[in-house]
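Have a look at the structure below before the remarks.
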Amino acid sequence: MLAVKDGDLDKLGILFERHHTALFEFFSRMTGNRTASQDLVQDVFFRILKYRNTYRNESQFTTWMYHIARNTRFDQFKKRRPEMVVPEEGIEIPSQGMSAAKQLERDQETELLRQALMKLPDDKRELLVLARYAEMKYEQIADLLAVDVGTVKVRVYRAIKELREIFLKLSGEKSPCNVKTSEINLRII
């Protein structure tokens with residue numbers, strides 16, 4: 001990024017190659033719309049180019065990039081009314097010897113978890129997407145949100161708790177879901 005800031009705009013292609021997939025996944029999980037997510041990724045890289053002079057090497061590039069991504073999503077949300085979210089096919093995970101019944105059960109649980117994630121308020125969904133999917137460290141998220149690390153930990157804990165409650169409500173279960181299985185499914189969706 002420092003080279004881009006100094007005027008070597010060819011290096012933006014390298015940044016795009018390294019980070020476009022992670023940004024797409026972030027937007028996809030936040031909006032539930034793959035087409036809009038592609039547009040948002042393009043807009044982020046346009047803004048990176050436009051605002052390259054504001055980049056300071058004080059924190060990680062990804063933190064600065066996600067800051068731009070959050071602003072891009074907020075701007076897009078202000079421009080348009082929220083669209084109806086249509087669930088899209090998830091990533092196919094090989095069964096690895098699972099029986100058809102077990103695979104079907106896992107697929108159903110994954111879909112319920114995806115629905116529960118989309119029902120979370122934006123701020124909580126964003127925290128989980130950053131922490132679990134973008135695999136950002138709590139310190140990076142704290143820097144991005146301009147809060148203490150302890151605040152991030154508490155918010156993530158509360159978001160997971162609310163996600164679990166929504167999941168249970170959707171599934172009609174009375175008992176807590178299997179945390180290990182749900183953790184795996186949370187990474188899949």
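Listed by position, the helices (runs of 4 or more DSSP H) enclosed by the stretch 1-62 that each have at least 2 residues that are small (Gly, Ala, Ser) and outside the structural domain of Ile141 (by TED's automatic domain parsing) are 11-31, 34-50.
Candidates in the stretch 135-153 are the residues that are small (Gly, Ala, Ser) and assigned to a helix (DSSP H, G or I); of these, the one that is nearest to Asn33 (Cα to Cα) is Ala142. One residue stands out in the stretch 98-134 among those that are at pLDDT below 85 and in a loop (DSSP other than H, G, I, E, B): the one that is nearest to the chain's Cα centre (by Cα), namely Met98. Beta carbons closer than 7 Å, at least 6 apart along the sequence or on distinct chains, pair a first residue in the stretch 104-117 that is under 14 Å from Phe167 (Cβ atoms) with a second that is assigned to a helix (DSSP H, G or I) and β-branched (Val, Ile, Thr) for Glu109/Thr181; Thr110/Ile188; Ala116/Ile166. Which condition does Gly32 not pass, out of (1) in contact (Cβ under 8 Å) with a residue 40 or more places away in the chain; (2) over 18 Å from the mean Cα position of the chain (by Cα), if it passes all the others? Evaluating Gly32 over (1) in contact (Cβ under 8 Å) with a residue 40 or more places away in the chain; (2) over 18 Å from the mean Cα position of the chain (by Cα) leaves (2) as the failure. The condition of being more than 20 Å from Leu127 (Cβ to Cβ) and out of contact with any Asp or Glu (no Cβ under 8 Å at 6 or more places or on another chain) holds for Ile14.
The values are calculated or read from the model by the stated rules, or taken from the named source; none is laboratory data. The shown structure was predicted, so the numbers you read here are calculated from the model rather than taken from an experiment. Reconstructed Cβ throughout: ideal geometry from the backbone, glycine too, with neighbour counts over all protein chains shown.
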